[in-house]
Amino acid sequence: MKSFIPPEFQVYRDEDRCDQCRGCERQCSFGVHSYDQDRDSIISDESKCAGCQRCVIFCPMDALTIRPSPSSYRPNSSWTREKMDDLKKQAETGGVILTGCGSDKPFRIYWDHMVLNASQVTNPSIDPLREPMELRTFLGPKPDFLKISGEGKDVAIETEIGPNVVVEAPILFSAMSYGAISYQAFKSLAMAACDFGTFFNTGEGGLPKELRSDYGRCAVVQVASGRYGIDAEYLNCAAAVEIKVGQGAKPGIGGHLPAEKVSSLVAETRMIPEGTDAISPAPHHDIYSIEDLSMLIYALKEATNYEKPISVKIAAVHNFAAIASGIVRAGADIIAIDGLRGGTGAAPKTIRDNVGIPIELAISSVDRRLRDEGIRNSCSLLAAGGIRCSGDVIKAIALGADGVYIGTAALIAMGCTLCQKCYTGRCNWGICTQDPRLAGRINPHIASRRLTNLLRAWSAEIKEMLGGMGINAIESLRGNRDHLRGVGLYEWELDVLGIKGAGE
């Protein structure tokens, strides 16, 4: 069947510069470039191009340029090119359209409509180069009051404090499973987390046994509906355990790792047969109420001797604040909320673009609900789904989060260009693939250094912003929405965010 879908990108090759080295052919896993012996030249099949820019960056002669195709249909506000191409693709395949990464739809990005307060004369700013700035964050339950006995140096805290984990800055690596991403990318996240003093989330794919002794102390291990790779050692080698109920890119549905990505090592880690689909059901088949969730939370606490905080990850949906309240009362120590722009390796496009709500609206609502009920200190709140820079981090904390998860930002730091072809398993950057040739393009020592550099840079910027606000500890900013003002927002948006308009 002839495809009626025009190419998304055009490949421009400067023949005067190109020396026919065939490097582009070797770099492209999608088969865009090939050598034609009869013509003694490199030809390009633009219909296969994903726009990942790998060939452009690694062309030694700078002979290639990849641009969006200028070809277009007759302009129509209702029937955009994307809508027409999707319709034609389904007419040709009869299947669900899959995509990777987060939603690219032009929903309002509230981070860009909020500005921070700054110190002036009556509340002087703080110089972070000369004054101590505290970014260290404790994740887990805290008591409302401390009972202290003794005097002088012989002081003891009598209040029982639940298990907490400590991060040097309120930024963690989000759940990205081994299988969805390559072993090299997975290990890079683990190495960077331990080097910097934060945590990485294993996702639902388990933690390879050879990584447990070195990197388990920096891991948040996930218990998802598929229960892949879970054993007592897996739970106890980690710093924390997370129950995945939902994720922002595909709320209400399960996960699917295609059989072609289930290599022998992935199969061993997940405890499933090699070359079989790894399907996580939409619901946990032992959770149909808050009471059921509480039973699993306490089962995991028993399995870890009550020494590790138990987190519950949910997607940001319309009744999330009430759900979060129930999760805290069920015994969770941390709640992770994943918003509409959360990334993924593979999701039905229609789910990714039409289900859920932005994380900015969720953070403030949950924080206020838990404060109103007097249970905010019973858990920590992690925000995920669209955190792009240090400014987003500090605004999330001012809205009410204790810390944030970053996923897409971490992948971009490793080289990802958001071509959204993660589900194909042919990632040219070696990130979302199990092909040994492609995965070998990532050097974990270099990639982990890039990730560590990113976290250090963001931490320095956060300290600068805190100093400019006259605050010397990140804890003092948490939930302090008076430090935020909205620009260009409707009254109802300001109300949901819990902030005032700029100038008020």
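None of the figures in this text is laboratory data; all of them are computed from the coordinates on show. Everything numeric in this text was worked out from a predicted model, so none of it was measured. Ideal geometry is used to build each Cβ from the backbone, glycine not excepted, and the neighbour counts take in all protein chains shown.
Among 30-41, 408-419, 177-188, what's the highest-first ranking by average C-beta atoms within 10 angstrom per residue?
Ranking, from highest mean packing down: 177-188, 408-419, 30-41.
Where the centre of each part is set by its Cα atoms, how far does the range 353-411 sit from the range 129-170, in angstrom?
Between the Cα centre of the range 353-411 and that of the range 129-170, the gap is 22 Å.
Could I have the simple spin-label model distance between E46 and T122, label points 7 Å from Cα toward Cβ, reported in nm to one decimal?
6.2 nm
Would you mind ranking V487, V266, V56 so that the residue whose beta carbon has the fewest other beta carbons within 10 Å leads the list?
Ordered by Cβ neighbours within 10 Å, fewest first: V487, V56, V266.
Explain nothing, just the number: relative contact order of the range 164-464, from Cα pairs under 8 Å at least 6 residues apart, as a whole percent.
After rounding, I find 20 percent.
Tell me whether the range 164-464 comes out rounded, prolate or oblate; compute the Cα gyration tensor, take square roots of the eigenvalues as a ≥ b ≥ c, and use a/c under 1.5 as the rounded threshold.
It is rounded, given that a/c, with a ≥ b ≥ c, falls under 1.5.
For the range 1-157, what is the charge dipole size about the Cα centre, in debye to the nearest 20, if Lys and Arg each add +1 at the Cβ and Asp and Glu each add -1 at the Cβ?
Dipole size: approximately 540 debye.
Please label the shape of the range 189-292 as rounded, prolate or oblate, based on the square roots a ≥ b ≥ c of the eigenvalues of the alpha-carbon gyration tensor (a/c under 1.5 means rounded; beyond that, a/b larger than b/c means prolate, else oblate).
oblate
Please work through the chain and write down the cysteines that have no neighbouring cysteine Cβ at a distance under 4.7 Å.
Unpaired cysteines in the chain: C18, C21, C28, C49, C59, C101, C237, C379, C389, C416.
When the chain is fully extended, how far beyond the present Cα-Cα distance does D495 get from K2, taking 0.36 nm per residue of separation?
Contour length minus Cα-Cα distance gives 172.3 nm.
Setting aside same-chain residues fewer than 8 positions from K421, which lysines have a Cα under 27 Å from its Cα?
Within the straight-line cut-off, K421 pairs with K2, K48, K83, K88, K89, K105, K187, K244, K250, K261, K313, K349.
Could you tell me which of C427, S289, L455 has its Cα farthest along the dipole of the range 164-464 towards the positive end, charges placed at Cβ (Lys, Arg +1; Asp, Glu -1), taken about the Cα centre?
Towards the positive end, the residue furthest out is C427.
Once Lys and Arg get +1 and Asp and Glu get -1 on their Cβ, which of A169, L497, L411 lies farthest toward the positive end of the dipole of the chain?
Of A169, L497, L411, it is L411.
Test of the criteria: in the range 149-179, which GluC sites (Glu not before Pro) are in a DSSP loop and have at most 11 other Cβ atoms within 10 angstrom of their Cβ?
E151, E158, E160
What full-extension length gain, to one decimal in nm, is calculated for E92 and D144 as 0.36 nm per residue of separation minus the Cα-Cα distance?
12.7 nm
Give me the percent of DSSP beta bridges within the chain that run antiparallel, rounded to the nearest 5.
In the chain, DSSP labels about 40 percent of beta bridges as antiparallel.
With +1 on each Lys and Arg Cβ and -1 on each Asp and Glu Cβ, and nothing else charged, work out how big the dipole of the range 164-464 is about its Cα centre, in Debye to the nearest 20.
My answer is approximately 780 debye.
Just grab the label-to-label distance for M271 and D195, each label 7 Å out from Cα along the Cβ direction, in nm (one decimal).
Computed distance between label sites M271 and D195 equals 3.3 nm.
Below 8 Å, C-alpha to C-alpha, sequence gap of six or more: please give me the relative contact order for the chain in percent.
Result for the chain is 19 percent.
In the range 457-504, what chymotrypsin sites (Phe, Trp or Tyr not before Pro) fall in a loop by DSSP, with at most 11 other Cβ atoms inside 10 Å?
Y490
Express in nm, to one decimal, how much length is gained between K153 and E82 on full extension, taking 0.36 nm for each residue of separation and deducting their alpha carbon distance.
18.7 nm
Along the Cα→Cβ direction, 7 angstrom out, place labels at K105 and Q10. What is the inter-label distance in nm?
Using points 7 Å along Cα→Cβ, the separation is 3.0 nm.
Any idea what the dipole of the chain comes to, in debye rounded to 20, about its Cα centre with Lys/Arg Cβ at +1 and Asp/Glu Cβ at -1?
The calculation lands at about 680 debye.
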